[in-house]
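Here is the structure we will look at, set down as structure tokens.
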Amino acid sequence: MTPARFYIGIFGALVALTLITVLVSSLQLPTAPRVVFGLAVAGAKASLIVLFFMHLKSEREMVFWPLALTAFLFVFLLAFVLWSEADHIVGPTLGS
Amino acid sequence: MHVLPYTTEVRADTGLTSPKLGIWLFLASEVMLFGSLFSSYALLRTGAASWPDQSAVLSVPLATLNTIILISSSVTMVLAWTALAPGPQAQNPARFKLYMGLTLLLGAAFLAVKAIEYGDKFAHGLFPATNTFLALYFTMTGVHAVHVLVGMAVNAYLLVSGARMWRTEPERFANRVEIAGIYWHFVDVVWVFLFPVLYLL
């Protein structure tokens, strides 16, 4: 498979995931599944772009570990935010 | 004139060229920039007494179109680099120019759609000061749009000035295109998260 064909294949997957996430959002699911599904699809799309378009899959460890640390720190930041609001997180603002 | 070291050969201690390590470290800092905006969104929304129905305020069809536009620009960007990269296929600077030109066109289309969206909001009296959601929407998409603009400036420079460096130092130029591509893909990844968070949730 030529590189171009491979990238176009990834593009097809990204478009499909985009359409899936828009269609599912129109179903008006309850809060928790809606958030989890939306972020999961976004994470899948981001992974495809980072691993293949940015070549992280074939990149040296030297690149991978700073990014892993960054990801951990961001999750840490988000976790503290959500923890501080945990007592009323599923409220009027996130729908049913 | 002193040439920058390690633009084509790797450093022994990192195993990478300096630009490659540099762009990834820069993107790590950008993750924290956008990360702070996303966690602000999480804090403000979970703490709010009420929140508008986002998909009713914003245009999901326009944003879906913009998502496809930006993903397409990522594909044309990586194809632009593939046209110059060492490998089994012969290098083709004309193909680089075509795909880089398309990347710029798609970037411009993205910004045009955003301008239409913003104009529509303003026409309906919806501004950043109107409510917390709109403040977050304009700030997050605005900061992202500035990143798109800067990326386009870099890409335009590479498109216009590339011919000279391709003739004298082709590998160094191909590496420049790769680095610009990594930045551009990151801008796409940020939008991949902005789209569901601001429009769909």
Applying the selection to the stretch B:11-39, what residues are buried (at least 17 other Cβ atoms within 10 Å of the Cβ) and among the hydroxyl-bearing types (Ser, Thr, Tyr)?
B:17, B:39
Considering the stretch B:40-60 alone, what residues qualify as being open to solvent by 40 Å² or more (accessible area, probe 1.4 Å) and either facing another protein chain (nearest Cβ under 8 Å) or not hydrophobic (A, V, I, L, M, F, W, C) (or both)?
B:40, B:43, B:47, B:49, B:50, B:52, B:53, B:55
Inside the stretch B:61-86, the number of residues satisfying the requirement of being farther than 23 Å from residue A:23 by Cβ and more than 7 Å from chain A (Cβ to nearest Cβ) is 9
Looking at A:17, A:94, A:27 in this structure, which one is modelled with pLDDT under 90 and hydrophobic (A, V, I, L, M, F, W, C)?
A:94
Residue in the stretch A:30-43 that is modelled with pLDDT of 90 or more, polar (S, T, N, Q) and part of a helix (DSSP H, G or I) present:
no
Residues satisfying the stated conditions in the stretch A:61-83, i.e. under 23 Å from residue B:48 (Cβ atoms) and facing chain B (nearest Cβ under 8 Å)
A:74, A:77, A:78, A:81, A:82
Reported set for the stretch B:129-146 where residues are surrounded by fewer than 14 Cβ atoms within 10 Å (Cβ to Cβ) and not in a helix (DSSP H, G or I) is B:129
Select from the stretch A:8-24 the residues that are touching a residue at least 12 places away in the same chain (Cβ under 8 Å) and either exposed (fewer than 12 other Cβ atoms within 10 Å of the Cβ) or closer than 18 Å to residue B:196 by Cα (or both) and list them in ascending order.
A:13, A:14, A:17, A:18, A:20, A:21, A:24
Do we find that residue B:107 is under 17 Å from the mean Cα position of the chain (by Cα), crowded, with 22+ Cβ neighbours inside 10 Å, under 24 Å from residue A:13 (Cβ atoms) and within 14 Å of chain A (Cβ to nearest Cβ) in this structure?
no
In a loop (DSSP other than H, G, I, E, B), open to solvent by less than 70 Å² (accessible area, probe 1.4 Å), away from chain A (no Cβ under 14 Å) and of a type outside the set (D, E, K, R), is that true of residue B:126?
yes
Please determine whether any residue of the stretch B:147-170 is surrounded by fewer than 17 Cβ atoms within 10 Å (Cβ to Cβ), part of a loop (DSSP other than H, G, I, E, B) and over 15 Å from the mean Cα position of the chain (by Cα).
yes
Has the stretch A:35-53 got any residue that is open to solvent by less than 30 Å² (accessible area, probe 1.4 Å) and polar (S, T, N, Q)?
no
For the stretch B:88-123, name all the residues that are in a loop (DSSP other than H, G, I, E, B) and hydrophobic (A, V, I, L, M, F, W, C).
B:90
Yes/no for residue A:64 being closer than 19 Å to residue B:190 by Cα, open to solvent by 70 Å² or more (accessible area, probe 1.4 Å) and part of a helix (DSSP H, G or I):
yes
Among the residues of the stretch B:15-24, is there at least one that is at the interface with another protein chain (Cβ under 9 Å from one of its Cβ atoms) and outside any helix (DSSP H, G or I)?
yes
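The values are calculated or read from the model by the stated rules, or taken from the named source; none is laboratory data. What you see is a predicted model, and the numbers here were worked out from it, not measured in a lab. Note that each Cβ is placed from the backbone with ideal geometry, even for glycine, and that neighbours are counted across all protein chains shown. The area values use the complete protein model at the heavy-atom level, side chains included, leaving out ligands, DNA and RNA. Shrake-Rupley method; radii C 1.70, N 1.55, O 1.52, S 1.80 Å.
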